[in-house]
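Everything on this sheet refers to the single structure shown next.
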Amino acid sequence: MSLSRRSLLAASVGATMMPALPRLAGAQAANTIRIGVLNDQSGTYRDISGPYGVECTRQAVAEFGNKGFNVEVTFADHQNKPDVGVNIARQWYDQGVDMILDVPTSSVGLAVNNVAREKNKAYINTGSATSDLTGAQCSPNTVHWMYDTYMLAKSTGGAMVKAGGDSWFFITADYAFGHALERDTGTFVKAAGGKVNGAVRYPFPATSDFSSFLLQAKSSRAKVIGLANAGADTINSIKQAAEFGIMKGGTKLAALLMFLPDVHALGLQTAQGLVLTESFYWDLNDRTRAVTERLKPRLKDIKPNMASIANYSAALHYLKAVADMGVAASKVSGLDVVNRMKAMPTDDDAFGPGRIREDGRKLCPSYLFEVKTPAESKAPWDYYKLLQTTPAEDAFRPMSEGGCSFVKA
């Protein structure tokens with residue numbers, strides 16, 4: 001990826017080693033909005049967003065154009081470590097970053113959530129899945145974009161139970177995201193009359209061999225093995241399950257959070273028949289195909305997925321809110337910017353029309369896909385067939401059930 005001279009790469013270093021952002025002259029600083037993309041540039045989740053999420057953010061800035069103020073995009077690698085993420089977030093906010101974007105890995109996302117509220121800065125999380133960002137740990141300074149564990153559990157988990165998968169065993173990444181995904185999916189399974197036979201939690205991100213966990217899951221005689229993980233962990237779990245012949249024995253795999261790059265890495269021969277949920281697919285409609293085409297010079301042969309393209313969507317809406325209220329006012333209070341974002345309807349080529357609820361939940365439809373067979377795929381990245389659509393207002397947990405402290409009962 002080509003980088004502009006004004007971009008900052010803080011990859012694979014702690015915040016104490018991270019170079020300071022370049023100082024801007026007073027007038028220039030007052031008229032410059034800085035967006036910090038904080039994500040995984042080198043580890044388990046790199047291919048989900050990473051450098052591609054940065055390029056999607058830059059695309060939003062380019063399309064937004066000149067509205068009388070400058071926009072700079074900075075990025076850094078939080079290494080999936082909450083302490084690293086918090087240190088970078090503090091340093092960025094103190095040095096003039098106006099909004100932090102992305103932040104996969106729910107433990108990091110929740111930690112940065114607290115920093116943004118403390119500093120009264122804007123924070124748009126597109127990468128973390130935990131539904132606690134709009135529940136027990138909600139913040140008026142935070143918007144949660146695109147997907148969460150409740151939405152995934154309802155769409156993928158609910159569909160699997162309806163199809164006869166009424167007994168489950170979970171293989172779970174042992175941190176906030178995995179716990180939330182296991183919890184929310186288990187709730188849907190039990191509500192539908194199913195049961196959870198057991199679960200095993202593995203160290204994250206230090207695990208690449210899932211064989212013992214898969215054999216434990218198989219011995220539970222559950223009809224469905226729920227993979228409460230993502231990225232490289234999901235890819236390795238599915239590959240190793242295929243090597244053990246687990247699916248041939250009739251056991252189903254539920255990839256509870258899977259992205260287009262994961263399918264690409266697995267290949268259709270291995271991934272065919274998997275059922276998964278995303279809120280974006282490049283070939284879904286004319287608008288998604290259009291934005292994918294515009295991104296081609298930046299992403300080259302890679303197609304955007306719901307995580308990377310969410311940075312485009314979120315950054316574009318944030319900049320519209322800044323333009324609407326004025327740069328000076330937006331720099332005074334991140335809370336005011338988020339409130340302006342909530343007051344404005346969302347609409348872009350990635351997710352179409354939508355809105356942001358009072359609790360910070362960005363609403364968009366969720367789509368249940370099945371991975372095509374090699375024979376069904378007609379071109380590179382032609383991987384999904386649509387099974388069902390959950391409307392935006394129904395896809396996420398009702399606000400009344402979230403327990404968000406600042407939402408009126």
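The values are calculated or read from the model by the stated rules, or taken from the named source; none is laboratory data. As the structure is a computational prediction, the values presented were derived from the model and not from experiment. In this analysis, Cβ positions are derived from the backbone assuming ideal geometry, glycine residues included, and neighbour counts consider all displayed protein chains. In case anyone asks, the SASA skips ligands and DNA or RNA and just uses the protein heavy atoms, side chains included. Shrake-Rupley method; radii C 1.70, N 1.55, O 1.52, S 1.80 Å.
Beta carbons closer than 7 Å, at least 6 apart along the sequence or on distinct chains, pair a first residue in the stretch 273-298 that is in contact (Cβ under 8 Å) with a residue 12 or more places away in the chain and within 26 Å of Y150 (Cβ to Cβ) with a second that is polar (S, T, N, Q) and assigned to a strand (DSSP E or B) for T277/S366; S279/S366.
Only one entry in V275, V291, V263 is closer than 12 Å to Y383 by Cα and at pLDDT 95 or above, namely V263. The criterion of being open to solvent by less than 20 Å² (accessible area, probe 1.4 Å), of a type outside the set (D, E) and either out of contact with any strand residue (DSSP E or B) (no Cβ under 9 Å at 6 or more places or on another chain) or assigned to a strand (DSSP E or B) (or both) does not hold for L214.
The numbered conditions (1) open to solvent by 10 Å² or more (accessible area, probe 1.4 Å); (2) over 27 Å from A153 (Cβ atoms); (3) more than 20 Å from the chain's Cα centre (by Cα); (4) not aromatic (F, W, Y) are all true for E401 except (2). V196 falls short on exactly one of the conditions (1) open to solvent by less than 10 Å² (accessible area, probe 1.4 Å); (2) part of a strand (DSSP E or B), and that condition is (1). Does the stretch 177-193 include one or more residues that are among the charged types (D, E, K, R), within 20 Å of the chain's Cα centre (by Cα) and within 30 Å of V337 (Cα to Cα)? No, the stretch 177-193 contains no residue that is among the charged types (D, E, K, R), within 20 Å of the chain's Cα centre (by Cα) and within 30 Å of V337 (Cα to Cα).
This table checks each residue for (1) in contact with a helix residue (DSSP H, G or I) (Cβ under 8 Å, 6 or more places away or on another chain); (2) open to solvent by 10 Å² or more (accessible area, probe 1.4 Å); (3) among the small types (G, A, S).
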{"residue": "S139", "(1), (2), (3)": "yes, no, yes"}
{"residue": "T149", "(1), (2), (3)": "yes, no, no"}
{"residue": "A163", "(1), (2), (3)": "no, yes, yes"}
{"residue": "H179", "(1), (2), (3)": "no, yes, no"}
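Here the condition is being over 27 Å from the mean Cα position of the chain (by Cα) and open to solvent by 90 Å² or more (accessible area, probe 1.4 Å); of R221, R201, it holds for R221 alone.
Restricting attention to the stretch 362-376, the residues being open to solvent by less than 10 Å² (accessible area, probe 1.4 Å) and under 25 Å from V143 (Cβ atoms) number 5.
Among residues of the stretch 239-291 being touching a Pro at 6+ places or on another chain (Cβ under 8 Å) and among the polar types (S, T, N, Q), the one that is surrounded by the most Cβ atoms within 10 Å (Cβ to Cβ) is S279. Scanning the stretch 229-260 for residues that are closer than 14 Å to A271 by Cβ, out of contact with any Ser or Thr (no Cβ under 6 Å at 6 or more places or on another chain) and part of a loop (DSSP other than H, G, I, E, B) returns a single hit, F259. Look at (1) touching a helix residue (DSSP H, G or I) at 6+ places or on another chain (Cβ under 8 Å); (2) open to solvent by 20 Å² or more (accessible area, probe 1.4 Å) and you find that L319 fails only one, number (2). Annotation note: of D324, D349, D382, D359, the sole residue that is free of Cβ contacts under 8 Å to residues at least 60 places away in the same chain and either surrounded by 15 or more Cβ atoms within 10 Å (Cβ to Cβ) or over 23 Å from N39 (Cα atoms) (or both) is D324.
Note on the stretch 111-131: residues that are of a type in the set (G, A, S) and within 15 Å of L101 (Cβ to Cβ) amount to 4. Hey, G186 hits all of (1) open to solvent by less than 10 Å² (accessible area, probe 1.4 Å); (2) free of Cβ contacts under 8 Å to residues at least 60 places away in the same chain; (3) closer than 23 Å to T44 by Cα; (4) in a helix (DSSP H, G or I) but one; which does it fall short on? All conditions are met except number (3).
Inside the stretch 327-346, can you point out the residues that are free of Cβ contacts under 8 Å to residues at least 60 places away in the same chain, more than 13 Å from W145 (Cα to Cα) and open to solvent by less than 70 Å² (accessible area, probe 1.4 Å)? Scanning the stretch 327-346 gives A329, M344.
So G226 ticks every box in (1) over 21 Å from the mean Cα position of the chain (by Cα); (2) of a type in the set (G, A, S); (3) part of a strand (DSSP E or B) but one. Which box is left unticked? Just one mismatch for G226, condition (1). Of the residues making up the stretch 292-302, just one is in contact with a Cys (Cβ under 9 Å, 6 or more places away or on another chain) and open to solvent by 60 Å² or more (accessible area, probe 1.4 Å), namely R298.
Cβ separations smaller than 7 Å between residues 6+ apart or across chains give the following pairs from the stretch 30-54 residues that are closer than 10 Å to A307 by Cβ to residues that are assigned to a strand (DSSP E or B): N39/D102; S49/N39; S49/D102; G50/N39; G53/V37; G53/N39; G53/D102. With respect to F213, determine if the residue is over 17 Å from A265 (Cα atoms), in contact with an Asp or Glu (Cβ under 6 Å, 6 or more places away or on another chain) and aromatic (F, W, Y). No.
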